[in-house]
Amino acid sequence: MADLPGDEETSSEGGLRKIEWSEIVKHKDQNSLWMVVHNKVYDVTKFMEEHPGGEEVLLEQGGRDATEAFEDVGHSPDARELQQNYLIGELAAGSVKPVEKKTKPDPPGVQDDSLIRMLHLIGSIVLVLTAYGVEKLSK
Ligand code: HEM
């Protein structure tokens with residue numbers, strides 16, 4: 001495969017280029033789709049349309065560790081052989097996987113905000129009532 005960015009970084013021992021997560025996570029759409037399976041990095045951009053399981057599932061795994069998803073499907077030995085055509089490198093040892101941001105729970109502070117507003121309201125009412133009471137008493 002030609003024109004792979006950083007091809008020249010190919011390591012001497014394994015022959016496989018060591019790739020960091022910081023680079024992998026950038027390749028997660030139709031233009032360029034990489035995924036990690038068993039610590040190996042695959043560029044499946046050109047395979048997307050041919051994938052018997054559909055391109056959607058591959059896109060979902062773009063820029064991520066797809067090992068579990070890949071194994072859960074129980075891919076055939078043929079599929080595993082085919083997969084090797086798309087091998088571009090291996091995960092750099094010690095490369096730290098970025099924390100995935102999934103659907104966030106309610107941001108903290110939302111509840112606190114409404115609590116503060118409620119306290120303000122109660123405070124204002126107490127203030128008005130007190131002022132009213134003081135005025136009455138002073139008469
Ligand atoms: C380089 C990576 C991959 C290759 C080469 C590949 C290849 C294949 C092949 C050849 C098949 C046909 C059945 C078989 O031979 O096992 C298949 C089916 C399937 N693949 Fe993949 N696959 C890859 C990654 C993935 C990933 C990451 C997922 C994520 C969920 C996935 C999901 C599926 C599903 C759901 C099917 C079943 C389709 C069906 O039987 O209806 N594949 N794949």
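For Asn85 and Val57 in one chain, what is 0.36 nm times their gap in residues minus the Cα-Cα distance, to one decimal in nm? Could you put the intermediate results ahead of the total?
Numbers: separation 28, 0.36 × 28 = 10.08 nm, distance 1.89 nm.
Roughly 8.2 nm would be gained on extension.
Hey, if you put +1 on the Cβ of every Lys and Arg and -1 on every Asp and Glu Cβ in the stretch 18-97, which of Ser76, Leu33, Met48 ends up farthest toward the positive end of that dipole?
Among Ser76, Leu33, Met48, the one farthest towards the positive end of the dipole of the stretch 18-97 is Leu33.
Order 20-30, 66-76 from most to least packed using the mean count of other Cβ atoms within 10 Å.
Highest-to-lowest ranking by the protection proxy: 20-30, 66-76.
Can you tell me how much longer the chain between Lys136 and Ala69 gets when fully stretched, taken as 0.36 nm per residue apart minus their C-alpha distance, in nm with one decimal?
16.7 nm
Could you estimate the translational diffusion coefficient of the stretch 18-97 from the Stokes-Einstein equation, with Rh from the Kirkwood formula over C-alpha pairs, at 37 °C and 0.692 mPa s, in whole µm²/s?
Details: Rh = 12.4 Å.
The calculation lands on 264 µm²/s.
Just to confirm, what accessible area per residue do you get for the stretch 18-97 at 1.4 Å probe, in whole Å²?
58 Å²
Taking amide hydrogens as modeled 1.01 Å from N in the peptide plane, which residues meet the under 5 Å criterion relative to Glu90, leaving out close sequence neighbours?
Residues meeting the criterion, in which the H sits 1.01 Å from N, are Arg17, Lys18, Ile19, Val41.
Report the relative contact order of the stretch 18-97, percent, no decimals, based on alpha-carbon pairs under 8 angstrom and at least 6 residues apart.
Details: 108 pairs, mean separation 36.5, N = 80.
Averaging sequence separation for qualifying contacts and normalising by length gives 46 percent for the stretch 18-97.
In nm, to one decimal, how far is the Leu129 label point from the Ser114 one, both placed 7 Å along Cα→Cβ?
For Leu129 paired with Ser114, the spin-label model returns 2.3 nm.
The values are calculated or read from the model by the stated rules, or taken from the named source; none is laboratory data. Note that the coordinates shown come from a computational prediction; the quantities given were computed from them, not determined experimentally. Because the Cβ atoms are built from the backbone with ideal geometry, glycine has one as well, and the counts that use them run over all protein chains shown. SASA here: full protein model, heavy atoms, side chains in, ligands and nucleic acids out. Shrake-Rupley method; radii C 1.70, N 1.55, O 1.52, S 1.80 Å.
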